[in-house]
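Okay, so here's the structure we're looking at.
The values are calculated or read from the model by the stated rules, or taken from the named source; none is laboratory data. Remember, it's a predicted structure, so these values are computed and weren't measured experimentally. All Cβ positions, even for glycine, are placed from backbone atoms using ideal geometry, and neighbour counts span all protein chains on display.
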Amino acid sequence: MNRIDWPFLTPGIPDHYFTRGRVPLTKEEVRVLTLAKACLGAGLTVYDIGAGTGS
């Protein structure tokens, strides 16, 4: 998805934007809270490097 098509002004990516099979995904609400607590400035990028399913 290119940046022009991004319709959101708030942090977080809805679950349906992720491509995955049967792999568990951190819940949308947890991802949003993590971004909010990070207090990132405009133009910064976050990389989420998973280390397993967390189970």
With respect to ALA36, is the statement that it is touching a Pro at 6+ places or on another chain (Cβ under 8 Å) and either outside any loop (DSSP other than H, G, I, E, B) or at pLDDT below 75 (or both) true? yes
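For segment 23-38, give me each residue that is touching a residue at least 24 places away in the same chain (Cβ under 8 Å) and surrounded by fewer than 10 Cβ atoms within 10 Å (Cβ to Cβ).
Residues of segment 23-38 touching a residue at least 24 places away in the same chain (Cβ under 8 Å): 23-24, 26, 35-36.
The one that is touching a residue at least 24 places away in the same chain (Cβ under 8 Å) and surrounded by fewer than 10 Cβ atoms within 10 Å (Cβ to Cβ): VAL23.
Residue-by-condition table, conditions (1) loosely packed, with under 11 Cβ neighbours inside 10 Å; (2) modelled with pLDDT of 80 or more:
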{"position": "LEU9", "(1), (2)": "yes, no"}
{"position": "GLY21", "(1), (2)": "yes, no"}
{"position": "LEU40", "(1), (2)": "no, yes"}
{"position": "THR45", "(1), (2)": "yes, yes"}
{"position": "ALA51", "(1), (2)": "yes, no"}
